[in-house]
Amino acid sequence: MKELGLKCIVRMKKYKTYTGTVGKIAPNILDRQFTAEAPNEKWTTDISEFKLFGEKLYVSPVLEFI
C-alpha cells in the first residue's frame, strides 16, 4: 500500500443508544420542590456517557439545591 500511495481511512462509528433493558425508575421524591431549608438537604446527580475516539467517557455532575 505504501509503494502505491494508498491510505486506509478509518471512519468513526455512529453513536447508538443503549438497546438493553430499561432499569427501574426512581421515585419522584423532590416533586419539583427545588428549594431547601438548609444546606446538605437536597442533592441530585445524573450520569451521561460519551464515546470519543473509541473510548467511553462518563460525566456525573452533582447539584445541591439551596
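The values are calculated or read from the model by the stated rules, or taken from the named source; none is laboratory data. What you are looking at is a predicted structure, and each value in this text was computed from that prediction instead of being measured. Because the Cβ atoms are built from the backbone with ideal geometry, glycine has one as well, and the counts that use them run over all protein chains shown. Surface areas here come from the heavy atoms of the whole protein model, side chains and all, with no ligands, DNA or RNA. Shrake-Rupley method; radii C 1.70, N 1.55, O 1.52, S 1.80 Å.
Calculate, for the chain, the solvent-accessible area per residue in square angstrom, rolling a 1.4 angstrom probe over the heavy atoms of the protein chains. Provide the component values of the computation, followed by the final result.
Values: 7330 Å² over 66 residues.
Result: 111 Å² of accessible area for each residue.
So which chymotrypsin sites (Phe, Trp or Tyr not before Pro) in the chain are both in a DSSP loop and have at most 12 other Cβ atoms within 10 Å of their Cβ?
Working: sites: 15, 18, 34, 43, 50, 53, 58, 65; in loops: 15, 18, 34, 53.
The qualifying sites are 15, 18, 34, 53.
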Checklist entry - Tell me which lysines have Cα within less than 22 Å of residue 24's Cα, excluding those fewer than 8 residues away on the same chain? => result 16, 42
Checklist entry - Near residue 36, within a Cβ-to-Cβ distance under 11 Å, what is the net charge of the other residues, with Lys and Arg +1 and Asp and Glu -1? => result -2
Checklist outcome for this item: Taking GluC sites (Glu not before Pro) in a DSSP loop with at most 11 other Cβ atoms within 10 angstrom as exposed, one finds the longest site-free stretch of the chain at 4-36
Item to check | For a label point 7 Å along the Cα-to-beta-carbon line of residue 62, residues of the stretch 12-40 with backbone N under 17 Å | outcome: 39-40
Checklist entry - Mind checking the dipole of the chain: about its Cα centre, +1 per Lys or Arg Cβ, -1 per Asp or Glu Cβ, Debye to the nearest 20? => result 740 debye
Checklist entry - When P(r) over Cα pairs in 5 Å bins from 0, in percent is calculated directly from the model, which label among [x] 4, 22, 21, 16, 12, 10, 7, 5, 2, 0; [y] 3, 15, 22, 19, 14, 9, 7, 5, 3, 2, 0; [z] 3, 10, 12, 15, 12, 11, 10, 8, 5, 3, 3, 3, 3, 1, 0 fits? => result [z]
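Can you give me the % of accessible surface on the stretch 1-60 that is carbon or sulfur? Probe 1.4 Å, all protein chains present, nothing else counted.
58 percent
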